[in-house]
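A quick write-up on the structure given underneath.
Coordinate-derived values only; no laboratory data. All values reported here derive from a predicted model rather than from experimental measurement. With ideal geometry, Cβ positions are generated from the backbone for all residues, glycine too; neighbour counts draw on all protein chains shown.
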């Protein structure tokens, strides 16, 4: 009785989410301490103390009807102003509250911008490997996701193929840097080239192509690396941000879109995101969390905890014979599947109570993603299993 | 550059939301105390104290990674179990956590169930007057909203026309009781008849027709009236609930769907709502608020405050010559527009700094909705304006 589209969606539902549930089942059987669940990006590091302090203070001292009430569908103006100012301070931009739309996480933000922009059959280009949910976010609005094949050298985007895949139907390009699942940060050189290609193609086709930058991992970077802010390189950029990772609040569904005033058709895009937020049933981003964010823009989780996991996993896994790029951001390692078949390999790992996600879920077979946003004890505890697994393939 | 559908959506955006914004502008000009904004259903009554206590206790004593982290996309199992048990206690039902799906308010819940059920061209029947957002929730999934004309005698649904409008394409019927905008509660007699019609039509067409009961106002009732619980009358019922009004938390976006186990295709509908919650970008209902709700299922706002507004407005307006049904629930009066033209009448009201919403927004021209979820001082303060307005039409 469910819709035809849903029948296949239910059948092929998220591998990642299925693993998350499977991990809980394995934990029931073998004991939580003997299961190494690297399947999901559910932060293990606690939110910074500022979050707790902000909630307690707001709930104690602010008017409950303000804190829990309706506001403009795009969010509280004062909250949006604080966020704009914060971005300006860090990035040297010149945003105001008008450029910020509060959303139900980045997932909500991406749905809002796609609802605002896409006609049936419009194309959205993404670079493999990519966060698999993009497929649904685009198809929700009858768009077509066009995949650019991976550059397995360094997982920077494959720009020559990208150039060929842009057509008159290309409405948007979605990038994710620091990247899920590779952990790679797109270099400034990459961004400049990508922007140049888009400028040229806009002229060639007489179209506007929006660059959507999905960046929940912006704050999670290592080795002092800089993540270029894309609105400074290309004016038709929309930033989708989330506090899920930077403040460890994934369940709270709080994030925002940045719509630069200089983008094509700014007034209409802005109005459309306001309407889309409402009619998609979000109505608005959760109100208390909006007010919490306004007090926590300078806070972030202790990235050093993830860094330790990264170093230990990377150093040990490569010593065991695994091959992967050392990630510069996010909390993922994207390793080559031993034996070449990512699904067989992730099943083999499961026999060691290690849960990892096949690269096929990210449009990139032959690899597996290891989510290292877990307790350090899980990282060290899993090493023996990873070593045995490697030996099985020798 | 925005999508074709969005162009008209932006142009004809919500009258109610536009008024909400206009009210704030008028307040800037005339002073907040001189503007009588009856346009939006933004509760004026404070959330019950249990909400504050729950938040403070959870934030102080529970693990932040649990409180703010990911959970099953359908919500925390313990929270869903508490809600199921609460409904069972009040309604004598036999739900478990499996029957509850936590959603981003009722608006999120309705989008989730429509995404789960609707194929392109499927029909969803509703009774005028109805909450105008249903148009968008249905068209988001390429469904067709079929309106049954109003029964202006008592605003119980027009069941003879309803029967005629059910076709083989009817996938769902959406009802809203206590009703926005009339405040009318559908009687048990109405519900029994409606269920009988649906049973017969399901047999006639060999289809399943889901009855979606949108009930954010269930707890806001007066004069001791009972609101029938629809799952007890018709097994293919889906309840969409929200705490926006019962706990005055509209900005927090927290609610749930009830999917009875005995409904047709339960397993698939349940799985589809889980997937829809995720891929529509909600991912899950806000996590802290889920945990707050589990501690507040027995709490509710002080309905007596709304009741006083209701009595004073109803008694005075009818004395001034306005005509309307005395509402038994929600916080709306649906008055006949003096002069017959609801848009002209609401504009005339605006000259007295009184903001009310034309019935056209609810598919029922010739009436206006007065939202009385406002401070009592606004109710008494507006009486002079309402009286003058009535005199203008004599």
If packing is taken as the average count of other Cβ atoms within 10 Å, what order do B:72-83, B:150-161 fall into, highest mean first? B:72-83, B:150-161
Please give the helix B:49-61 orientation as an angle from the longest Cα principal axis of chain B, in degrees from 0 to 90, rounded to the nearest 10. 40 degrees
If you take every DSSP beta bridge fully contained in chain B, what fraction is antiparallel? Give it as a percent rounded to 5. 45 percent
Where both partners of a DSSP beta bridge lie in the protein assembly as shown, what percent of those bridges are antiparallel, to the nearest 5? 45 percent
Taking only the Cα atoms of chain A, how large is their convex hull per residue, in Å³? 149 Å³
Going by alpha carbons, how many degrees (0 to 90, nearest 10) lie between the helix axis of A:105-117 and the longest principal axis of chain A? 50 degrees
For region A:183-300, what does the alpha-carbon gyration tensor say about shape, rounded, prolate or oblate, given a ≥ b ≥ c as the root eigenvalues, a/c under 1.5 as rounded, and a/b over b/c as prolate? oblate
Against the longest alpha carbon principal axis of chain B, how many degrees, from 0 to 90 and to the nearest 10, is the axis of helix B:266-279 turned? 70 degrees
Taking a quarter of the surface of the convex hull around the Cα atoms of region B:253-394, what do you get in nm²? 12.0 nm²
What is the Cα coordinate range of the protein assembly as shown on the first, second and third principal axes, sorted by size from largest, in whole angstrom? 90, 54, 50
Rounded, prolate or oblate for region B:221-267? Axes are the square roots of the Cα gyration tensor eigenvalues, ordered a ≥ b ≥ c, and the cut-off for rounded is a/c under 1.5. oblate
Specify whether the C-alpha gyration tensor of region B:177-230 places it in the rounded, prolate or oblate class, a ≥ b ≥ c being the square roots of the eigenvalues: rounded for a/c under 1.5, otherwise prolate if a/b is larger than b/c and oblate if not. prolate
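Quick one: compute a quarter of the convex hull surface over the Cα atoms of region A:125-211 and quote it in nm².
Over all viewing directions, region A:125-211 projects a mean Cα-hull area of 5.3 nm².
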Values of log10 I(q)/I(0), in the order q = 0.15 Å⁻¹, for region A:62-219 under a Debye, Cα-only, solvent-free model: -0.91
